Amino acid sequence: MTVSVGFVGLGDIGEPIAGRILAEGFELSIWNRTPGKMQSLLDRGAIAAETPGDLARRCDIVCTCVTDASALEAVVFGPNGISSAKGRAGLLLDNSTIHPLITREVAKRLRDEAGMSWLDVPVSGGSVGARAGTLAAMAGGEAQDLERARPVIMSYANRLTHMGPIGSGQATKACNQLINFVGVAAVAEAIHLGTGFGIDIEKLPEALSGGFADSPILREYARGKAARETRGITFLVQALLAFYEGHPDPAWRGRFRAILLKDMGIVLDIGRATGHATPILGMVDSFYRVMDGPKS
């Protein structure tokens with residue numbers, strides 16, 4: 001029997017993930033807080049749901065990909081939320097990036113209120129990887145739930161690793177983000193250093209290719225810069241370069257808060273909660289907080 005999938009949260013990552021699920025032949029229902037973001041998927045055959053609860057009543061598996069824990073709790077437990085659909089949907093698969101301890105709390109509440117199982121399956125690879133179906137997916141939850149959802153996940157990922165019980169996927173994503181954010185800072189600092197000495201900095205990715213310093217972050221920065229992109233890794237490296245050189249752009253104020261600082265805050269809090277400090281990330285976090293400016 002064909003599995004029916006629902007998807008909530010059609011942002012930069014969610015929309016291409018949902019598109020890959022639809023292209024793989026799954027029946028797809030969608031809901032998004034901003035209805036206009038649904039249109040491209042509707043044009044390709046997706047079905048619009050009126051509310052998250054309506055979506056859950058239509059589907060076997062519900063996927064979520066939202067900005068933070070408060071947004072997740074709203075679509076799951078808010079008025080006409082996913083938890084109100086005590087029927088067909090038996091599994092929630094969360095692609096968001098949230099705190100692993102919050103994940104465990106929300107998953108337990110959903111099971112208690114609606115009898116639904118939970119998989120936390122955050123991903124790495126950005127919107128480029130989502131469009132190409134090459135994301136790395138890291139999963140937390142029961143093995144039988146993961147096997148049930150595997151065909152859906154593999155429509156947008158080329159690697160899926162079961163990391164342990166609920167929350168383990170999110171803890172793995174925290175490790176991923178620590179390496180990424182420190183790596184971005186290291187790439188920016190290396191470019192800053194090499195530029196100061198006068199080397200042909202455009203050749204740096206080529207010069208390091210195949211060595212121990214060969215870096216997907218450096219290669220993605222070079223690709224994005226060549227394509228004149230102003231987002232993602234390219235933006236982060238250039239923002240740090242401006243910071244190192246003493247002329248950060250005031251227009252960037254508030255731009256780091258929603259995702260980057262949120263994710264770094266999760267990593268730092270896990271370190272505090274487990275007694276395993278992350279001092280290098282703490283230093284990088286302070287750079288971005290200075291660039292982001294004071295909270296309004």
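Quick notes on this one:
- Taking segment 234-296 and dividing mean pair separation by its residue count, relative contact order in percent (alpha carbons under 8 Å, at least six apart): 41
- Amide H to amide H, with H built 1.01 Å from N, Gly90 comes under 5 Å of no residue 5 or more places away or on another chain.
- Extension gain, Thr134-Arg228: 0.36 nm per intervening residue step, less the Cα-Cα distance, totals 31.6 nm.
- Inter-label distance for Glu206 and Glu24, nm, one decimal - labels placed 7 Å from Cα along Cα-to-Cβ: 3.9
- Compared with the rule-of-thumb size 2.2 N^0.38 Å for a compact globular protein, the chain has a Cα radius of gyration ratio of 1.05.
- Full extension of the chain between Ala277 and Ile47 gives 78.2 nm of extra length, using 0.36 nm per residue less the Cα-Cα distance.
- Over the chain, Cα pairs under 8 Å with separation of 6+ residues give a relative contact order of 13 percent.
- Order of exposure, largest accessible area first, which applies to Lys262, Lys203 with probe 1.4 Å: Lys203, Lys262
- 222 nm mean residue ellipticity, helices alone, for the chain (DSSP H n ≥ 4; -39,500 (n - 2.57); rounded to 500): -15500 deg cm²/dmol
- Label positions at His247 and Met154, each projected 7 Å from the Cα along the C-beta direction, are separated by 5.2 nm.
- Debye, to nearest 20: dipole size of segment 60-215, +1 on Lys, Arg Cβ, -1 on Asp, Glu Cβ: 460
- Between Leu178, Leu193, Leu146, the residue with the greatest mean-square fluctuation in the GNM of the chain (Cα pairs under 10 Å linked by springs) is Leu193.
- Above-threshold pairs, the threshold being 22 Å between Cα atoms, out of Lys108/Lys173; Lys86/Lys108; Lys37/Lys173; Lys203/Lys225: Lys37/Lys173
- Rounded to the nearest angstrom and listed largest first, the equivalent-ellipsoid semi-axes of segment 12-64 from its Cα gyration tensor are 15, 13, 10.
- Centre-to-centre, using Cα atoms only, segment 219-296 and segment 117-196 are separated by 18 Å.
- For the chain, with +1 on Lys and Arg beta carbons and -1 on Asp and Glu, the positive-most of Ala251, Leu93, Gly211 along the dipole: Leu93
- The chain - charge dipole about Cα centre, Lys and Arg +1 at Cβ, Asp and Glu -1, debye rounded to 20: 320
- Alpha-carbon geometry of segment 180-296: the Rg and the Dmax are 15.0, 45 Å, given in that order.
- Note on Ala213 and Lys86: with the Förster distance fixed at 45 Å, the Cβ-Cβ geometry gives a FRET efficiency of about 0.25.
- Listed peptides 104-116, 246-258 appear in the order 104-116, 246-258 once ranked by packing, highest mean of other Cβ atoms within 10 Å at the front.
The values are calculated or read from the model by the stated rules, or taken from the named source; none is laboratory data. Being a predicted model, the structure only gives us computed values, none of them experimental. Using ideal geometry, Cβ is built from the backbone for each residue, glycine included, and neighbour counts are taken over all protein chains shown. Remember, those area values only see protein heavy atoms, side chains included, never the ligands or the DNA or RNA. Shrake-Rupley method; radii C 1.70, N 1.55, O 1.52, S 1.80 Å.
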